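First the structure, in the form of structure tokens, and then the observations on it.
Read-outs throughout are calculated quantities, based only on the coordinates presented, and are distinct from any laboratory measurement. Since the model is a prediction, treat every value here as computed from it, not as a measurement. Glycine gets a Cβ as well: all are built from the backbone with ideal geometry, and neighbour counts include every protein chain shown.
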């Protein structure tokens, strides 16, 4: 079997997302809708999407559009036909009738439904057709969400299901979990229940929407959107429809019914057009406020008691890392809320084993891949500890919960077995169960696995500090792989860490940290044993500098790379300027024209350009020839390990030396800055930051007759960084960005 052509019917959010991701895998796709114009508009949206659905805009060349009347004959030679039309069974049945009359023998037909059972979808199909039919439930946005649930029943062709699983894992990079035909399958069954519990318990305990989102978020290892903001993001009306489907399909005794009833506040929001971000707002809204005759947008939150909006209040729970036991033992309303929600999620999830799956592990994987939770319900249970959990639920009746009853009777201290059973790949999650833990500090952990070391960062967004660098340096006694299970590789240097020193007027400690950062990156680059970074997610600022100075990079397709320090009024100082400049000097134009590389890098760093995929990163030289691209995140570790095996006798990198024209190229850079200033694209401090960047990239007080060493470039970076970080205008930028997540132009 082979999949050489796919037809997607329905060009809405999910249909166009699936089509776009098939384009990413270089699979020819035909996207059909009622009218060709509708599919064409979907194609335009794909090209303009933010975050981008395509690895590179040229991937759209794999997509053709059409309509289901004039272009339906595309089904005849398609290997896979995916139905992604509106969730109405009558319309779906009409589509299937047409598909199975036209399709070629043995082609696979699937539905992307998230709510309608397979038995209902296939009820009008002939027996011979049912074997080729299944549900392929992708999660939105398709490019970025790792989970794909394939739902099959006893009539499904097992070989075809296995083939489809392998194809979607290898070609589309999905974590594919095979599910039985139960309501909501795995991800939505638990994920939606968790959202409903989080919402109803917040109302019961009288928490504000901001308070609930602050707890049911990062402190629990859940994305910062929380529950109310997630409702807004998905669409309050869409969530209401999802709940109605659960209400219809779930057995009456299922405890989901206790939280499935539509809340009065939700009903009122829908009636008044407050359906979330796509409408006028929802639990949150943006409102214009006129202050001192100037209009300003203010984020407001709904008061659940008065149904009135007021400016959002920031809730600081004083929690830096996920620690569920500490969270649920807090002696305040936040601890009470966390325990109420977590315990109910664990109780419900465990009650469904083995009804919806024999592998409790798969439920955890579905929540991690489909909802970006750092821990699924059973990992939460393991994290809290069985003894602690059972002591806190002593009043709960678990007689009908065989899973928990068995754990309690066995009096186990821990129970969690192998992770990520859905894949045969040797993932980081699996390996961590068998490694030797060599060292750990507040920011990173070092593992030894057979013949190499692993460093995993563990700060918020994996921001880097002195401890992060210390772990990297200590781990180079063996070949090293730098990799994380969390969503981000590293969002850069920890600016909170830097600003604490600045507040205390301790610039010397900042300088000491930057010097150590440089020293560590240089050590990684010239280490005698291979250093391989395997990034996914954000690799910005200092995170990108670690990549630039690793010997090899195994990059996930969903990486975001860039040196973005100028946004906060700084210049890259961990070797980023130096390393990117060196790469550009080695190009053909860089060898011919001494000013070519400095100008190119000045524009890249000055504009804080980022790449949202390896394909976009290569032209900027964020990646050099020593890199691999991986579409399935689970393959990062195996690929990195294979590079170690191939490069056992690796020679350290050659030292880089520069000849730069100093003031000559600096004048060209200043001219660029002046034009931007005159056009008011930058203001006074932007000009100052730009001049510091220009000074570094021009080589300082030099000329083409002088050779500049790598250490001299590090020194230039450090001096400019320190000059800027001590500047009040840069400090204002940093504080504003940390507070709002948005840049300050000053």
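In table form, for the structure just shown:
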item: Computed FRET value (nearest 0.05) for residue 271 with residue 318, which takes r as the C-beta separation and R₀ as 60 Å; result: 0.95
item: Rg in Å to one decimal, and Dmax rounded to a whole Å, for the range 496-607 via C-alpha atoms; result: 15.3, 48
item: Reciprocal mean inverse distance between Cα atoms of the chain - Kirkwood radius, Å; result: 28.0 Å
item: Point-to-point label distance, residue 261-residue 224, nm (Cα→Cβ direction, 7 Å offset); result: 3.6 nm
item: At R0 = 56 Å, FRET efficiency that the Cβ-Cβ distance of residue 402 and residue 745 yields, to 0.05; result: 0.40
item: The range 1-96: radius of gyration and largest Cα-Cα distance (Dmax), Å; result: 12.5, 37
item: Fraction in percent of alpha-carbon pairs per bin - 5 Å, the range 361-416; result: 4, 18, 26, 23, 16, 11, 2
item: Largest-first principal axis extents, alpha carbons of the range 187-410, Å; result: 69, 41, 30
item: Cα-based shape type of the range 211-284, given that a ≥ b ≥ c are square roots of the gyration tensor eigenvalues and the cut on a/c is 1.5; result: oblate
item: Label-point separation in nm, residue 726 to residue 70, each point 7 Å along Cα→Cβ; result: 7.0 nm
item: Zone residues, the range 145-164, relative to residue 127, backbone N less than 14 Å from point 7 Å out along Cα-to-Cβ; result: 155-156
item: Estimated FRET transfer efficiency when R0 is 41 angstrom, pair residue 238-residue 499 (beta carbons, to 0.05); result: 0.50
item: Inter-probe distance in nm under a simple model that places probes 7 Å from Cα toward Cβ, at residue 26 and residue 603; result: 2.9 nm
item: Helix 710-725 vs. the chain, principal-axis angle (Cα, 0 to 90°, nearest 10); result: 70 degrees
item: Mean separation of Cα contacts under 8 Å, 6 or more apart, over the residue count of the chain: relative contact order %; result: 8 percent
item: Shape call, the range 192-325: gyration tensor on alpha carbons, a/c limit 1.5; result: oblate
item: Mean-position separation - Cα centroids, the range 568-596 and the range 176-235, in angstrom; result: 45 Å
item: The range 461-551: C-alpha gyration tensor shape, a/c 1.5 cut-off, then a/b vs b/c; result: oblate
item: Global size of the range 147-254 as Cα Rg and Dmax, reported in angstrom; result: 17.0, 52
item: For the chain, share of DSSP beta bridges that run antiparallel, in % to the nearest 5; result: 40 percent
item: Degrees, to the nearest 10: 636-646 long Cα axis against longest axis of the chain; result: 50 degrees
item: Packing-based ranking, highest mean first, of 385-391, 197-203 given that Cβ atoms within 10 Å are counted; result: 197-203, 385-391
item: Residue list for the range 124-144, given a label point 7 angstrom along the Cα-to-Cβ vector of residue 89 and an amide N cut-off under 13 Å; result: 124-125
item: Normalised contact order of the range 187-410, rounded percent, pairs of Cα under 8 Å and 6 or more residues apart; result: 22 percent
item: Potential extension, residue 388-residue 451 segment - 0.36 nm per residue separation minus Cα distance; result: 19.0 nm
item: Using alpha-carbon coordinates, inclination of helix 187-204 to the longest axis of the chain, degrees; result: 90 degrees
item: Relative packing of 638-649, 419-430, 22-33, which averages over residues the other C-beta atoms within 10 Å, highest first; result: 22-33, 419-430, 638-649
item: Cα Rg over Rh - the range 602-745, Kirkwood; result: 1.05
item: Per-residue [θ]222 nm for the chain (sum of -39500 (n - 2.57) over DSSP H runs n ≥ 4, rounded to 500); result: -13000 deg cm²/dmol
item: Quarter of Cα convex hull surface for the range 6-179, i.e. mean projection, nm²; result: 8.8 nm²
